[in-house]
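Below is one structure, written out as structure tokens; the observations come after it.
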Amino acid sequence: MDIEGCLIVADALNCHQKAAEAVVAGKADYLLDVRANQRNLEEEIAEYVKNDDLRGRMDKKRTVEKNHERIEIRTAYTTDDAEWLCGKEKWKGLCCIGAIRKEVEVDGKRTEE
């Protein structure tokens, strides 16, 4: 399959080093959803984003959706500061990280993810 110049987006099921390597070998870029299948990587990224100072330096985009009794706020954070990641060299082509924070308010009760 010719993927040169494409951005390959994959869910957590495909978030592994061999997938990243294959995408880069095909001269494409990737965006992978990091979840529990890559626990250490997930935890490192989460700790980075929880740090107020570091999060403040990240690029961010916020959206708000309101309908009926529900308000949903999503904030996406990204940064090209990824050199500090343990095992970064195992993720061929890794050049940035990101996270999405979702806040939902229904009937005055707020939850976060």
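The values are calculated or read from the model by the stated rules, or taken from the named source; none is laboratory data. The shown structure was predicted, so the numbers you read here are calculated from the model rather than taken from an experiment. Cβ sites come from the backbone with ideal geometry, for glycine too, and all protein chains shown count toward neighbours.
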Within the range 34-50, the residues that are farther than 19 Å from residue 81 by Cβ and either among the small types (Gly, Ala, Ser) or modelled with pLDDT of 95 or more (or both) are 36
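Just a yes or no: is a residue in the range 91-111 of a type in the set (Asp, Glu) and at positive phi? Even if it seems obvious, please write down each step before you answer.
Looking only at the range 91-111, we keep the residues that are of a type in the set (Asp, Glu), and these are 103, 105, 107.
Applying the additional criterion that residues be at positive phi yields 107.
Yes; the residues of the range 91-111 include at least one that is of a type in the set (Asp, Glu) and at positive phi.
With respect to residue 82, determine if the residue is over 29 Å from residue 109 (Cα atoms) and not in a helix (DSSP H, G or I).
Numbers: over 29 Å from residue 109 (Cα atoms): yes; not in a helix (DSSP H, G or I): yes.
Against the criterion (over 29 Å from residue 109 (Cα atoms) and not in a helix (DSSP H, G or I)), residue 82 qualifies.
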I'm trying to understand the selection: among the residues of the range 2-47, which are touching a residue at least 60 places away in the same chain (Cβ under 8 Å), touching a helix residue (DSSP H, G or I) at 6+ places or on another chain (Cβ under 6 Å) and part of a helix (DSSP H, G or I)?
17
How many residues are over 14 Å from residue 96 (Cβ atoms), in a helix (DSSP H, G or I) and hydrophobic (A, V, I, L, M, F, W, C) when one looks only at the range 48-73?
0
Of (1) aromatic (Phe, Trp, Tyr); (2) farther than 18 Å from residue 33 by Cα; (3) in contact with a strand residue (DSSP E or B) (Cβ under 7 Å, 6 or more places away or on another chain), residue 84 fails just (3)
If I filter the range 89-96 for residues that are surrounded by 12 or more Cβ atoms within 10 Å (Cβ to Cβ) and aliphatic (A, V, I, L, M), do I get at least one hit?
yes
So which of 14, 67 is surrounded by 11 or more Cβ atoms within 10 Å (Cβ to Cβ) and modelled with pLDDT under 95?
14
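Of the residues 76, 99, which single one is surrounded by 10 or more Cβ atoms within 10 Å (Cβ to Cβ), of a type outside the set (Ser, Thr, Tyr), out of contact with any Lys or Arg (no Cβ under 7 Å at 6 or more places or on another chain) and in a strand (DSSP E or B)? Break it down stepwise before answering.
On the way: 76 fails: out of contact with any Lys or Arg (no Cβ under 7 Å at 6 or more places or on another chain).
Residue meeting the stated conditions: 99.
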